[in-house]
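The values are calculated or read from the model by the stated rules, or taken from the named source; none is laboratory data. Values in this document were obtained by computation on a predicted structure and should not be read as measured data. Remember, those area values only see protein heavy atoms, side chains included, never the ligands or the DNA or RNA. Shrake-Rupley method; radii C 1.70, N 1.55, O 1.52, S 1.80 Å.
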Amino acid sequence: MKNTLLNLFAIILIASSICFSACTETVEAPTATNVLVIHSYHEGWDWNSDIEAGIIEGLYRQGYESGIDYEIETFYMDTKVTYTTTEQIEERAALALDLIEELNPDIVFVNDDNALKYVAVEYAATHPESALPFVFCGINVDPSVYGPIDSLEHPGGTITGTLERFPYAEAFALAKRLSPDAENIVLLADSSTSSTAVIDNFNTTYLNVVNNSPLEVLGPIQLGTFDEWKAAVAEYQTQADFIGIITYHQLRDENGDVVPAQDVVNWTVNNSDLPEVGFITFHAEDG
């Protein structure tokens, strides 16, 4: 599993470097190019840190060194924990768009779906004359649903990037090797829009395509609250052989506040007799 996840991160890293090269190969880059990174989520989350490290490494592989060939600025929209309503997300996006106008960057990296939809797509739609390139990563939806992106094969315009897709087949195969007698796995997720996109992709690219899955899949089941999550974990103790954890970062408590991700993972590990299967590095990093 570790090698699979590292390989996935390497794909993101290398693809980011390729996209940067593709976006700039026809333009002579000036000294001290301005690079802006806009994260959909909050500062301090390992996912964001890993992505940004990958961007810097990818640029370095292409001959661009931070502090010498370019200056990097970072903006966190914080739309997973603090600013979660549509109105709040749009307000954060407005700040990011203002920052683009202020910094006049030469390239913008947008991490995760909200930054793509509310910043990159919005900017391209309202600035059709601009040649500012955007490179996305961590995207769960099909980005060709947005007008400025023609297709996955030939995106056109000024927006390109890499998709986030979980390695279900590899994870299920590994789980089956570790527990040959296991027959099924229940997939649990929160009810956020990004989780819905992940599940839609799972249904279309795995569940409805793979005829000989090593494990029968129960669900995926989306849950809105931490109490619902706890109840589902308890219920499937006698119905499943594995718990597959897709997403858990927007489960709400009784007051409607987002429960810290580490609390969800730690509770699950300590209150389940079943082994858990995660799909991304930060699933392990959270506990």
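Some observations on this one:
- Taking the protein heavy atoms of segment 244-287 in the context of the full set of protein chains, the accessible area attributed to carbon and sulfur is 42 percent at 1.4 Å.
- The residues of the chain expose on average 47 square angstrom of accessible surface per residue, using a 1.4 Å probe on protein heavy atoms.
- Gain in span if fully extended, N184 to S151, counting 0.36 nm per residue against the direct Cα distance: 8.3 nm
- Applied to segment 35-40, the Karplus parametrisation 6.51 cos²θ - 1.76 cosθ + 1.60 on θ = phi - 60° returns per-residue 3J(HN,Hα) values of 10, 10, 10, 10, 9, 5 Hz, with x for Gly and Pro.
- Phi-based couplings in Hz for segment 260-277 (Karplus 6.51, -1.76, 1.60; Gly and Pro marked x): x, 4, 5, 5, 5, 5, 5, 4, 4, 4, 7, 10, 10, 8, 8, x, 9, 10
- Percent carbon-and-sulfur accessible area, segment 68-161, ignoring ligands, DNA and RNA, probe 1.4 Å: 48 percent
- Residues with amide H under 5 Å from that of G161, placed H, sequence gap 5 or more: F136
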